[in-house]
Amino acid sequence: MSKFIVIEALDAGGSQTQTNRLAQHLIEGSYQVLQLHFPQENQPTGRFVYEKFLLVHNKPKFTRREQALIYIQDFYSQTDTIQAHLSKSAKSIVVSDRFYTSTSAYQTIGLTGRPRAAMLDWIKFLTEQEAYHLPKPDLVIFLDTPVNISLNHLKNKTKDFFENKQKLTAIRNSYLRIAQEEKWLVINSVNNRGEQRSIEDIHDEIWSHLSGVI
């Protein structure tokens, strides 16, 4: 049966690496794989995210809802492609490095109680409940990476708006709360000693959970 799998993580938390590895493994197993990455740097909708928000130092102020809409329009640009791929055969798999699941985490940072619930309800309305809605992932995996590990991976790289200790800490906390509420699969990116696990070790754990999904 066709499936849609999303991998989420902090910036430099390994989501792109694990998406690549999972797609490779699925292709080796004769699955038909559509691999995606958001924001899409090679598409107008994704470039808009980078140019108007992520990489602008003196950017204009956006409200939470405006930020969400900037990202959601990028996800919607691939809706028809995702649905067409999933309808091809029982062995059709979509693997995405982030999706609207990340918007729920990012746009609820620092919110509690009714304001948080209202924001989540609004995002779900836009992404899941409209007549023309986004495809809903069958499995969301969150790679939980400590902030110090993420920052170490970001050394000597051009950092975007969210890539500092304070913001990454808030994002991680928000991700973990959403993951618990939505019953995502959470995988630790470090071992019991706090050391970064290898790419293959993390992939093997991801693969072990897929037997009940694909």
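Elements of the type helices (runs of 4 or more DSSP H) sitting completely within region 45-144 and holding at least 2 residues that are of a type in the set (A, V, I, L, M): these cover 64-76, 79-86, 113-124.
Among the residues of region 39-68, the ones that are within 20 Å of H133 (Cα to Cα) and either modelled with pLDDT under 90 or out of contact with any helix residue (DSSP H, G or I) (no Cβ under 8 Å at 6 or more places or on another chain) (or both) come to 1 in all. Restricting region 167-214 to residues that are touching a strand residue (DSSP E or B) at 6+ places or on another chain (Cβ under 7 Å) and among the hydroxyl-bearing types (S, T, Y) leaves a set whose member that is nearest to T17 (Cα to Cα) is S189.
Taking each residue of region 156-185 that is hydroxyl-bearing (S, T, Y) and at pLDDT 95 or above and looking for partners that are surrounded by 12 or more Cβ atoms within 10 Å (Cβ to Cβ) and in a loop (DSSP other than H, G, I, E, B) with beta-carbon atoms closer than 8 Å, six or more apart or interchain, yields S174/T108; S174/I109; Y175/L10. Out of the residues in region 88-111 meeting the condition of being charged (D, E, K, R) and more than 15 Å from the chain's Cα centre (by Cα), tell me which one is surrounded by the fewest Cβ atoms within 10 Å (Cβ to Cβ). Restricting to residues being charged (D, E, K, R) and more than 15 Å from the chain's Cα centre (by Cα), the top hit is K88. All conditions in (1) under 25 Å from I5 (Cα atoms); (2) assigned to a loop (DSSP other than H, G, I, E, B) hold for L168, with the sole exception of (2). Would you check if Q16 is surrounded by fewer than 21 Cβ atoms within 10 Å (Cβ to Cβ) and more than 22 Å from N152 (Cα to Cα)? For Q16, the condition - surrounded by fewer than 21 Cβ atoms within 10 Å (Cβ to Cβ) and more than 22 Å from N152 (Cα to Cα) - is not met.
The values are calculated or read from the model by the stated rules, or taken from the named source; none is laboratory data. None of the values given here were measured: they were computed from a predicted structure. Here Cβ is always computed from backbone atoms with ideal geometry, including for glycine, and neighbour counts include all displayed protein chains.
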